Amino acid sequence: MAVDFTGSGQYLQGNNNVTGVDNATTTVSCHFLCDAVGTGTHILNMAASVAAGQSGLAFNTNPAVASGDFSMRILYRWSTTGQWITTTDLSFGVWYSMAVSYDLGATGNDPKVAIGAGNTVNLLTVGSGLTRAATPAGTAKTGIDSIILGGNVSKNRLYNGRIGEVGIWTSLLGDDALQALAAGLSPIHFPNTLNNYWMCRSNTDLTDAIGGIVLAKTGSPANVDHPRVTYPPGPSVDDRAARARIMSSLVAAGGLVGAGGVTGRGGGIAG
């Protein structure tokens, strides 16, 4: 399942309670389907506080840069915000899986972006599928402790589309892992440094399976199906409570197959 936003009055957020993500290195992944786009509508926004804070890392949908329906913009707020835009456009009504890794160690660093749809996965770097629209300068935003799905801090750029399978890591995942996530593997395939994982399997079950953080809901976004997500044979996480939350979610979603396998909707890995 996933959560479907109309672009008006609907978003999910964890405000001042997302601990452990204020790091110099981060990887974030999600599944999304965009129905319509304005300038800078936010799929995902990590922020230093929501009530009176500023964005850190953000995934934005933007008007097309070539011949498609829309482009993706990755931002990170420095004194001068860094911005990176995909050079190949994406299409409305198509499910994409995306994973982004970014190192705040220097202003000259660029993110890596993997985007997949169907059987096609592309790893994008600056000069190869990604362009640097604005070079960061000064000091990177710190104090990141919040997340918004479907909107920005000011709530004036709300997303029209669907979101599911959101993962946040406190390290840089390698190219193979980024591409695997973009191919539809669940974040729990990569448990090391996985700090947060929201399956978004319904608009009433918005609990982070790793950290236990429940996203607050504004408006009434709908529940919708999303394409197959491949889960491992068992949740590969060390924390007992996190394992229990993941397994409970999978059982409730109809994801367990046989005695030892797990499948997403439409298929997956079966024991």
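The set of residues in the range 75-131 being among the basic types (Lys, Arg) and either under 16 Å from the mean Cα position of the chain (by Cα) or in a strand (DSSP E or B) (or both) consists of 112 alone. I'd like the residue in the range 89-113 that is closer than 13 Å to residue 78 by Cβ and hydrophobic (A, V, I, L, M, F, W, C) and, out of all such residues, is surrounded by the most Cβ atoms within 10 Å (Cβ to Cβ). Among those residues, the one meeting the criterion is 104.
Conditions (1) in contact with a Cys (Cβ under 8 Å, 6 or more places away or on another chain); (2) in contact (Cβ under 8 Å) with a residue 40 or more places away in the chain, marked per residue:
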site: 95; (1), (2): no, yes
site: 98; (1), (2): yes, yes
site: 104; (1), (2): no, yes
site: 134; (1), (2): no, yes
site: 153; (1), (2): no, yes
site: 160; (1), (2): yes, yes
site: 190; (1), (2): no, no
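Only a single criterion out of (1) in contact (Cβ under 8 Å) with a residue 60 or more places away in the chain; (2) out of contact with any Gly (no Cβ under 6 Å at 6 or more places or on another chain); (3) of a type outside the set (A, V, I, L, M, F, W, C) is not satisfied by residue 31, namely (2). If you take the residues in the range 60-74 that are touching a Phe, Trp or Tyr at 6+ places or on another chain (Cβ under 8 Å) and in a strand (DSSP E or B), which one is surrounded by the fewest Cβ atoms within 10 Å (Cβ to Cβ)? Top of the filtered list is 63.
The numbers here are math on the coordinates, done by the rules we state, and not lab data. Predicted model, so just to flag it, every value in this text is computed and none were measured. All Cβ positions, glycine included, derive from the backbone under ideal geometry; neighbour counts span all protein chains shown.
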